[in-house]
Structure formats: structure tokens, C-alpha cells
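Colleague: Right, I'll just put the structure down here and ask away after.
What follows draws every value from the coordinates through simple rules; no lab data is involved. Keep in mind that this is a model prediction, so the values were computed, not measured. Every residue, glycine among them, receives a Cβ derived from its backbone with ideal geometry; neighbour counts consider all protein chains shown.
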Amino acid sequence: AETIAAIVTPLCGKQGAVAIVRMSGPSAVSVAQAIFRPLRKKKWIPQSHKVVYGTIIEYPKETIIDEVIIVPMLAPRSYTREDVVEIQCHGGDVCVRRILDLCLQHGARLAQPGEFTLRAFLNGRIDLSQAENVAQLVSAKTASAAETALAGLQARKIFGGLSNFVRSMRSQCIELLAEIDAHVDFEDELAPLDVDKIMEAVGSVSAQVEQALETAARGRLLQSGIQVAIVGRPNVGKSSLLNGWSQSERAIVTDVAGTTRDIVEADVVVSGVPVRLLDTAGIRITEDPVESIAGVQRSQAAATGADVLVMVINACDGWTTGDKLIFDHTLQQKPWILVMNKIDQVCGGDVTIPEDVRAAFSAVVSTCAVKEALDIDKLDTALAALIAAGGDVFSAGQQHWAVNERQKEQLIRAKQALERLRQSAHEELPVDLWTVDLRDTILALGQISGDDVSEEVLANIFSRFCIGK
């Protein structure tokens, strides 16, 4: 196997105090020995997991590149189960790139995206579901998403990760297949097949598959999040609402109608779910062609693509014909939240809204967006209720992990195969036909764990990883 090397810390102008170059493979130690000089010795003799301080030297001029610490993790006690060497140098692009170049000059090659994790999978360090959770952990946008990915990554039975869950189901199916195959091959020598027992076991696996599928919506929400479009007439406080909700100054706020023409975005987290807020232009009939094209049309497109619509009205005006026009011409099959803004300017806070209008919205919230944090928490509560109703993000049974879209597809395939098996048993079809669907179930579960997976699938999964992971 080749020795691979990569920078495993962020680049592209993101400066940090420390940067790391990682190597993995049979020549990782010899490459490091060729460029590293320990402080008080002429040659570095690695001891696994023992940190050593020294310098990186470029020969033959003996130019010092950087002061570093080096961490060897020798096989099999490493992430890839190969010899791994990490060189920790000063942060910034220059030092770390010079060190990487030296590694490549001495025989390592640049790692492909996800190649370290791919080697961990191929060498039996982790299974495929754990590898996917590594990628989800790295890309997590919220603490909840990170915790969910970490739960799926756990391998020890005490933690009950996705890996163990899938292995358990697959193991049960393999035992059933072995028992049925034995009765098919040695029917005269064995006791009659206990069909009730077989169906009970199939039902148990089916229930576990359903339990795993229940986590899919939660996984999608935590990884992808939702988009919320803020719509309404000009000057009702949409931009102020976005700024107040996100606690930022992303949108320009003026008294001039039509100020917002481009879609302004801000990110928030609601109950652990990443939410992208879209501040749209005020929707109105206008003769200004720039405002019409750049603002109103984009607003309508944003509303069409959003998962949730937040409609803002001016509490001083109440529900106007302009508001009704927007509501009537915007997709109404989406969840809606009505925000009555500028509530501080209404005497007694009483706003007249027709009952049929109130009933059309999932929630009605009163705010004063220009006053810090005034009732913004009510928006979080209303949106959290919609998320819970639509995706069950707060509860996924007893599981803390969640399956991704690829895993969901294979679980559906397993579910359908088990349903066909039970139908075959109900119709009293020959027992040897049951094994076809049982093998399909085992294959589907193996696609999740990586026990039965093609090179094409592996290439597709690991190509989404970042270089260095």
C-alpha cells in the first residue's frame, strides 16, 4: 500500500495557532525520519503515541522549515490501523504546505478525499455506517447534529450505536437463513420447521427496521436544516425581524420602501436544528422594473423554495388588503407563522385580525423586532412546534443516532423484503422461496454496514469527504 499525506486542519485563509500534516501507510515513519530532527538526538526512533519536539529540516541545505511536535501512532493502534504520523506545526498556509511538500518529495502521495477514513473502513477499524457518521460529525452545524453523529459512530455495545443495531439485525437474519437452508437441505433428518418461531423472529427484525426508519426525518433535519422565508409588504419590519432573530446586522433597515431587493440570509439554530432565514423584498405592485425583477420576483421564488413561511404584518395597520393579496398569491400548502410586528406602537397591544385569517396560520406571534429580544423567543417556540410536528426531530424512539438518506433507502428495501417473506409464509409458498427475500434483507443491511457493498458505492460515499479525513 502507498503512504498518503494531507493537511488535516483548515486552510484557505482561516488562520490558527497550530496546523497538522497527517501521513498513513508503510512508509509514514521513514518519511518522517527523513525530514524530522529531534531536539537532543540525531535520529528519531518513534515510540507509539509518544510526543516528541524537534524541527523539520529540508536537506541537503539543512534549512529549518519549522519547529514542530511529532506524534507517531503505530499499527494497529491508529485510526487507519496503519502506521500514522502527525506533524503539528505553526498555523498558517506557508509552514504547513512546505512540510506537506517535503513529505511528498520523500515518497508519500497526496491523499484523496476521505482516504484516511476509507482505509480505516477497509482495514476493519470501522464499518461503513460509522464512516458516514464521521463525515456527518465533521460537517455538523449544531451541537445536536454533532451528538447524533457521534452516537451513530459508537461501536461499543454499551453505547448502542447504529453500527451495532444494524449488525444485530443482520446477524438475526443470517441465523434464520441458516436454519431455513438446513431444513431445505436436510428435511428428512431434522424436526419440522417451527414456522411460528420463524415468523416471530421476522416480526422482531421488522420492528427494529421500523425503529431505525423513524430516525430518518430527524437525521435529515439535523444535517440539512430548514429554510424559512420572511415575507410581507414593504416596511413592515422584515429586515428588523431577521436582524433581531439572528442577533446580527445582516439586513439594511431604512424607512424607504423597496430597500431590500436581494435575498438576505442569516443562520440560526432552533431546538438543535439549523435554520436559514431568508429576508425577502417587500411584495407589492410597483412600476419600478428593478424592484419588480430583483426584489418581488426573487421573493416569490424564495417563498416557493422555503420549508416554512413567516409572514410579517404591521400591527398598527392590522390585516390589510395588501397582506391578503400576498397571502392569496403565495403557496399556502406550506406551514405559515404570522408575525404582528411593531406591537409596541399599538395601544394595549390589541390587533384586529379576522378569525379566518388567524385560523389559516399555524401560529400567531406579536413582536417588536427593533427592541432587543422582545418576544423573539416566541418565534423559536412556534418554529420548534412546526419542526416537531413535521419531522419528529425531538424524539426518535430510544435511539440517539439517526440514519441518512442512503441508509434509509436500504432500510426500506429490507422492510419490503421482510414483508414479502411474511406474505409468502401466509400464502404457504414453498419454504425455499422464503430464502430469496431473506437474502435480499441481509444484502440491504450489508449495504449499510459495508459487508456487502460495491466499489462504486464506496467511491460515491468517500468522495464527499474532505481531504485529510
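Colleague: Return the long-range amide H neighbours of Gly237 (sequence gap of 5 or more, or a different chain), with a cut-off of under 5 Å between placed amide H atoms.
Modeller: Here nothing satisfies the definition.
Colleague: Along the charge dipole of segment 93-248, pointing to its positive end and built from +1/-1 on Cβ of Lys, Arg, Asp and Glu, which listed residue (Phe186, Ile198, Leu110) has its Cα farthest out?
Modeller: Working it through, the farthest residue towards the positive pole turns out to be Leu110.
Colleague: Could you grab the relative contact order for the chain? Cα pairs under 8 Å, six or more apart, rounded to a whole percent.
Modeller: Rounded, it is 16 percent for the chain.
Colleague: To continue, here is another question. Which of the peptides 434-445, 138-149 is most tightly packed, and how do the rest follow, judged by the mean count of other Cβ atoms within 10 Å per residue? Can you show the working numbers first?
Modeller: Numbers: 434-445: 21.2, 138-149: 18.8.
Ranking, from highest mean packing down: 434-445, 138-149.
Colleague: Starting from the amide H of Val68, placed 1.01 Å from N in the peptide plane, find each other amide H under 5 Å away whose residue is 5 or more places distant or on another chain.
Modeller: Sorted by chain and number, the residues that satisfy this are Gly54, Thr55, Ile56.
Colleague: Here's another thing I want to ask about it. Let me check I've understood the local charge: for Gly450, count other residues with C-beta under 12 angstrom from its C-beta, Lys and Arg +1, Asp and Glu -1. What total comes out?
Modeller: Counting the neighbours of Gly450, the net charge comes to -1.
Colleague: What percentage of all Cα-Cα pairs in segment 4-123 are separated by more than 19 Å?
Modeller: 42 percent
Colleague: Also, quick follow-up: Grab the eigenvalues of the alpha-carbon gyration tensor for the chain, scale each by 5, take roots, and send me the semi-axes largest first in whole angstrom. Intermediate values should be presented prior to the final figure.
Modeller: On the way: eigenvalues 486, 321, 54 Å².
Values for the chain, descending: 49, 40, 16 Å.
Colleague: Over 23 Å between Cα atoms: which of Lys61/Lys469; Lys42/Lys469; Lys50/Lys141; Lys342/Lys378 fall into that group?
Modeller: The answer is Lys61/Lys469; Lys42/Lys469; Lys50/Lys141.
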